[in-house]
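The values are calculated or read from the model by the stated rules, or taken from the named source; none is laboratory data. Owing to the predicted nature of the structure, the values given are computational and were not obtained by experimental measurement. Cβ placement follows ideal geometry from the backbone for every residue including glycine, while neighbour counts extend to all protein chains displayed.
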Amino acid sequence: MSFFEQMKKKAVEGSSKKEQDDVQKAENIVEEVNTTLFAPETSNVETNVEVARDVSNESDSNATEFESTQSTATETFSSVIDTSEGKHFSVGIDLGTTHCVLSYADITAGDDEFTQHVMGISQSTSPSVVEEKLQLPSFLYQAHDVELPENSTALPWNAKPEFIVGEIARNLGGKTPIRLVYSAKSWLCHAGVDCKSPILPAESPDEVQRVSPFQATKAYLEHMRDAWLYLHPNAPLSQQDLVITVPASFDPAARELTVEAARSVGLSQAILLEEPQAALYSWIEKTQGEWRKQAQCGDVILVIDVGGGTTDLSLIAVTEKDGVLDLTRVAVGDHILLGGDNMDLALAYTVKAKIEKDGKRLEPWQVQALTHGCREAKEKIFSSDVDSVPLVVPSRGSSLIDGVLRSELTRDEVNNALIEGFLPRVAVHERPISRPRVGLQAKGLPYAQDAGITRHLAAFLAKQQNAADEFDAINLPENATFLHPTAVLFNGGVFKAQELCDRLMDVLNSWLIAENSPEARLLAGADLDLAVARGAAYYGFVRKGKGVRIKGGTAAAYYVGIENAMPAVPGMPPEIQALCIAPFGMEEGSQIELPNDEFGLIVGEQVRFRFFASTTRREDIIGTRLDYWQDDELSELNEIEVTLDQENRRSGEVVSVHLGSAVTEVGTLELRAFSNKDDGRWKIEFDVRN
Amino acid sequence: MDITKYTIDLALKPTTFDAWHVCFAGTAAILAGALILTLFALAMSLTRPKGKKTDESEVKIVEKIVQAEPIVKIVEKIVEVPVERIVEVEKIVERLVQTPAPAPVILKEASADAALQLLYLLQNDARFIDFIKEDMSSHSDEDVGMVARVIHEGCNKVLNDHFSFSHICKENEGDRITLLEGFDAAKVRVTGNIVGKPPFTGTIIHKGWQITDVRLPSTVQGYNASVIAPAEVEL
């Protein structure tokens, strides 16, 4: 070998040495998590990283739209494995009823700059195929042993995941609904159901192995935790600032379950944030400081968040203190199981009725295909000026045309079914219709009976008329019958349809004008699909003192039911009093005790209390006893229970205790019993059993 | 003056070595040695075939022996040598030309897996194969058109989900543009009256398409890509 050749070789070696090391390092990492499954690809790290992305699986993108989504995708999408060490992130997880989204921002530097990304979540999309998508569908599929080829559900980090979740679960479940777990989140907030017992899928043969809503929630979190680790091998999610969003209407037990699920997958640092608040945070972040010009002192912002399965309402008051704008969440709505999916279903049933008029019967799979077709047709009608979109359901066999089902969806039908059906023009005094449930009700979710979102909204605003009374800056006209919002922020993919936004604003403004108030304005610039996760990540940043924080505390006052001391009346249940143990608006990190009300609890015996919440009684302080209340003032939640352990005590001994409550930094409510004699204290559990 | 005194006896040889002579002798020896070494090295490097130094820095060795055959199309045989440490990707093409032959054309064999995967996506999301394979002669235009909408929509979604497209010409079709000298003939195909030298001026007939990004899903090892649509049996 000549001298020149030698020199050349050395130079080549020298220059590629660093690259080799990097490649080697990355390879090791891939191998660690990979268990040789992706063997041919592992030699080239890029192959593994380079997976497809999907901006939104509902977006029907034509060429021009596509370009615009692409530019945003490059901005927010990051799927490159980041092996750097010592980084710290603020991560927000939108744990949705139908989709989960994870957003994050690098806050290592600790400066005021905030650049965030939405993580592409690697997931199986069909057997043996792994793709990266911005959303993880919140579905879990309990496959039969022989249903799928071996190893076909493998993920880059796990050869045999315990549960099949995400896109593949939704796809498989579409054809085999008896094995599909969906809407687990709605069950968490369903009184009268034990969320830790295996009850899902609710209607399936005994043979199908069931999971609890809690387990399903855990599975989604676990998947996102691992997907994160795959992309950030040196920055596990358990070491980042983590915010998980929950509906504002989640009761204390459901919040506790969410935190517990996070804790059980090692994410014990997670804190909670209400979804409408997250949407507002995202809007604040997006306006880049401009929000102070769009919102002013005395504003009441109404956040309307219509997700896939739920509608969540919140009111946020804008006040001024020492020249700085303050935001306070003053009210949240009830848990309404009514969302975008209902809209697509409504359209499908409209078309189904039309087809069946001719005597044809539709099979379930055809209805499902119609629902899918209607969703796309709806978007087309809303985004262009065509008046009718043909709907075609090809046959399932390899011959498409034989047995094809054909119909069309017209603008009138969409207007009727969606705008008139979900957003009817109603007077502000109208209320949601609730019919008595008939006969045997199958064990299922308590879906809203009235699809009229405007009626739910009217009820909410009227119920919360006094929500902002404490602020001098907010004044209602004298004859007002409801709280007048001055600004509206929409959230949820449903509001991509301009017609729906317009109608909702129309209805709201008609109520305001009728009571001589100015029209409410629409807060522009909201990111409808990803706002909740983005806002959650931003909240992690705000908590470091980097931006305006929405105050609020608990969105309800909580009461325990106590039997009245009175002579028994045969045939009448003893009357009960409601004793306030946690007032409205308790801030995170605060705790209070109720020393004057003593209870005798028997050691070793389980004691149960009835438990109530009120979203309207703001003036009750701890210790307030209510003898009577209006039906709509207090709503009963699952019972709470406490068992005094026998430690140092005789079984059967009566211990005198008083109650207390605390709101944790995480955002959950904790109830405790304190001994009056010594320093014994016991946690009062939210009953998850039935 | 005795001239004889100045006669030089050429037959005379020095009987003793002085320093100058030592230097001369040494230089002559070194030069001879260097000459021999250079010739030796030259001979070695000529006998050794080029590129045979296959260190561990090579991943693929593509061997190809072109025989004196009249066929121009040559299908390469790609031999992948598994190497313990994969360091860099470098292709070394070895060619031994035994007899004068037409300049060898190296054709790259397309990867079947990626093609099958695309067919899978088109079939799975858009029923593309079903549509193309269906006998169209027995159906009315109306029926075909109706189904074509579904297929079109689905295919468009598949394409947009997995590829990024851009036009090569930013101008509109029908516009006149000028192609400067050295334009990329792979990107722009000139047709018609091709005479003279660039710059050429002509009308854009087609704006061209270019894929700027490919995002195909990853697959698990053992995935049978040839199954582009499993048979479906409802129980």
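So which residues in segment A:343-375 are assigned to a loop (DSSP other than H, G, I, E, B) and out of contact with any strand residue (DSSP E or B) (no Cβ under 9 Å at 6 or more places or on another chain)? Talk me through it step by step, then tell me what you get.
Filtering segment A:343-375 for residues assigned to a loop (DSSP other than H, G, I, E, B) gives A:357-363.
Within segment A:343-375, A:LYS357, A:ASP358, A:GLY359, A:ARG361, A:GLU363 qualify.
Hey, can you tell me all the residues within segment A:588-621 that are under 20 Å from A:ASN466 (Cα atoms) and part of a loop (DSSP other than H, G, I, E, B)? Talk me through it step by step, then tell me what you get.
First, the residues of segment A:588-621 that are under 20 Å from A:ASN466 (Cα atoms): A:613-621.
Of everything in segment A:588-621, those that are under 20 Å from A:ASN466 (Cα atoms) and part of a loop (DSSP other than H, G, I, E, B) turn out to be A:THR615, A:THR616, A:ARG617, A:ARG618, A:GLU619, A:ASP620, A:ILE621.
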Which numbered condition in (1) at pLDDT below 75; (2) of a type in the set (A, V, I, L, M); (3) touching a Ser or Thr at 6+ places or on another chain (Cβ under 9 Å); (4) closer than 29 Å to B:HIS162 by Cα is the only one that B:ILE61 fails? (4)
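Go through segment B:122-143 and count every residue that is part of a helix (DSSP H, G or I), within 9 Å of another protein chain (Cβ to nearest Cβ) and surrounded by fewer than 16 Cβ atoms within 10 Å (Cβ to Cβ). If you could, list the steps in order and put the result at the bottom.
Let us first name the residues in segment B:122-143 that are part of a helix (DSSP H, G or I), namely B:122-126, B:128-133, B:136-138, B:141-143.
Then drop every residue that is not within 9 Å of another protein chain (Cβ to nearest Cβ), which leaves B:124, B:129-131, B:133, B:136, B:138, B:143.
With the extra rule that they be surrounded by fewer than 16 Cβ atoms within 10 Å (Cβ to Cβ), the set shrinks to B:133, B:136, B:138.
The number of residues fulfilling the criteria is 3.
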Answer yes if at least one residue in segment B:159-168 is assigned to a loop (DSSP other than H, G, I, E, B) and over 26 Å from A:SER395 (Cα atoms), and no otherwise. yes
For B:ASN156, the lone unmet condition from (1) over 19 Å from A:VAL389 (Cβ atoms); (2) under 34 Å from the mean Cα position of the chain (by Cα) is (1)
Scope segment A:124-172; condition among the basic types (Lys, Arg) and touching a residue at least 24 places away in the same chain (Cβ under 8 Å); matching residues: A:LYS133, A:ARG170
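Within 14 Å of chain B (Cβ to nearest Cβ) and over 27 Å from B:VAL227 (Cα atoms), is that true of A:ILE81? Don't jump to the end; show me each part of the working.
On the way: within 14 Å of chain B (Cβ to nearest Cβ): yes; over 27 Å from B:VAL227 (Cα atoms): yes.
Yes.
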Among (1) surrounded by 15 or more Cβ atoms within 10 Å (Cβ to Cβ); (2) farther than 30 Å from A:GLU132 by Cα; (3) more than 9 Å from every other protein chain (Cβ to nearest Cβ), B:MET146 falls short only on (3)
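Among the listed residues A:LYS496, A:LYS544, A:LYS551, identify the single one that is exposed (fewer than 14 other Cβ atoms within 10 Å of the Cβ), of a type in the set (D, E, K, R) and under 30 Å from A:LEU242 (Cα atoms). Walk me through it before giving the result.
Values: A:LYS496 fails: exposed (fewer than 14 other Cβ atoms within 10 Å of the Cβ); A:LYS551 fails: exposed (fewer than 14 other Cβ atoms within 10 Å of the Cβ).
Being exposed (fewer than 14 other Cβ atoms within 10 Å of the Cβ), of a type in the set (D, E, K, R) and under 30 Å from A:LEU242 (Cα atoms) holds for just one of A:LYS496, A:LYS544, A:LYS551, which is A:LYS544.
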Filter result (in contact with a Cys (Cβ under 7 Å, 6 or more places away or on another chain) and either modelled with pLDDT of 90 or more or surrounded by fewer than 23 Cβ atoms within 10 Å (Cβ to Cβ) (or both)) within segment A:178-222: A:SER212, A:PRO213, A:PHE214, A:TYR220
How many residues are farther than 15 Å from A:GLN606 by Cα, at pLDDT below 85 and in a loop (DSSP other than H, G, I, E, B) when one looks only at segment A:667-689? 6
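Checking the condition under 19 Å from the mean Cα position of the chain (by Cα), closer than 26 Å to A:PRO364 by Cβ and not assigned by TED's automatic domain parsing to the domain that holds A:GLY309, which residue from A:ARG210, A:ARG170, A:ARG179 passes?
After applying the criteria, what remains is A:ARG170.
A:ASP94: acidic (Asp, Glu) and under 28 Å from A:LEU337 (Cα atoms), yes or no? Outline the logic, then answer.
On the way: acidic (Asp, Glu): yes; under 28 Å from A:LEU337 (Cα atoms): yes.
Judged against the criteria, A:ASP94 is a match.
Scanning for something under 23 Å from the mean Cα position of the chain (by Cα) and either at pLDDT 90 or above or buried (at least 17 other Cβ atoms within 10 Å of the Cβ) (or both), does segment A:577-584 turn up at least one residue?
Yes, that holds for at least one residue.
Filter segment B:203-223 down to the residues that are more than 7 Å from chain A (Cβ to nearest Cβ) and among the aliphatic types (A, V, I, L, M) and list them by number.
Filtering segment B:203-223 down to residues more than 7 Å from chain A (Cβ to nearest Cβ) leaves B:203-214.
Result: B:ILE204, B:ILE205, B:ILE211, B:VAL214.
Looking at segment A:397-420, is at least one residue assigned to a loop (DSSP other than H, G, I, E, B), more than 10 Å from chain B (Cβ to nearest Cβ) and at pLDDT 85 or above? Can you show your working first?
Narrowing segment A:397-420 to residues assigned to a loop (DSSP other than H, G, I, E, B): A:397-404.
Adding the requirement that they be more than 10 Å from chain B (Cβ to nearest Cβ) leaves A:403.
Pick out the ones that are also at pLDDT 85 or above and you get none.
No, segment A:397-420 has no match at all.
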Within segment A:107-208, considering only strands (runs of 3 or more DSSP E) that don't extend past its boundaries, which have at least 3 residues that are within 14 Å of chain B (Cβ to nearest Cβ)? A:121-126, A:129-133
Name the single residue, out of those in segment A:590-615 being surrounded by fewer than 16 Cβ atoms within 10 Å (Cβ to Cβ) and among the small types (Gly, Ala, Ser), that is farthest from A:ASN648 (Cα to Cα). A:SER590
